Amino acid sequence: MRSSTSLAIASLLTIASAHVQLWYPEWRGNSFLPPFSQTIFPCAGINDNSTTARTLWPLDGGSLNFTLHDDAAYISVNIGLGVNTTNFNITLFSAPLNETGRGNVCFPKLQLPADFVVAEGTSASIQIATTSNSGEGLYNCGDITFTKNATLLPADQCQNSSTITITPLGQSVSTSPSTTSSAPATSSSSAASSLAYKEYTASGFVLLLAGLFTAML
């Protein structure tokens, strides 16, 4: 009985301390459960392999759905090509997104840049990296296969919480996501297209955030 009670308490504590839950693409594994941890770069300590479940994703970009449990964070969405890659150098936004509030965030479609050409059947992984005001970095990954046969999430499965506000870092005007399938900070497609595409190495992203926190002190 004590063992069952201890396990139940441990599970509750794990859920209570959760930071990011990736719904779509399906995350690689439950990063809330030991020995995994969202603080481990690049994918919470969970390896990808040839048998990992992969979500079909359109060749020009697809849906992204996740829940944030921190009151504020900087968000970066990155793509790494291949299986079990550690090189997430394709960043979908030229600057991190500035998030406040807790709740669900869904981009109906993250439009990939025109110069990013990927072949049918290419394996890749999507990484959501968040950095809190305390400087803690958290990482989650979902594995995908690029294909022309993939579809976007339907509207009833792509909802934004009214408690969340997301803007590109540096913008002075905040826009709260609607509770419909439209994406944060105007819309996912316009957000992806209005922010210039750049490639960052993981170390470059860390240095960028380090500079931001230094300037804030």
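Inter-label distance, residue 94 to residue 30: 4.2 nm, where each label sits 7 Å from its Cα along the C-beta direction.
Sparse packing (at most 16 other Cβ atoms within 10 Å of the Cβ) combined with a DSSP loop state is found for the following GluC sites (Glu not before Pro) in the range 97-171: 120, 136.
FRET efficiency for the residue 156 to residue 56 pair, using the beta carbon distance and R₀ = 22 Å, is estimated at 0.70. Can you compute log10 of I(q)/I(0) for the range 31-172 with the Debye formula, treating each Cα as one identical point scatterer, at q = 0.13 Å⁻¹? Debye intensities relative to I(0), on a log10 scale: -0.58. Annotation for the range 16-74: chymotrypsin sites (Phe, Trp or Tyr not before Pro) lying in DSSP loop with at most 13 further Cβ atoms inside 10 Å of their Cβ do not exist.
A Förster radius of 30 Å combined with the Cβ-Cβ distance from residue 116 to residue 136 puts the calculated FRET efficiency at roughly 0.50.
Read-outs: derived from the displayed coordinates by stated rules, not from any lab. Every value quoted in this text rests on a predicted model; they were computed, and no experiment measured them. Neighbour counts are summed over all protein chains in view; Cβ atoms, including those assigned to glycine, are modelled from backbone coordinates with ideal geometry.
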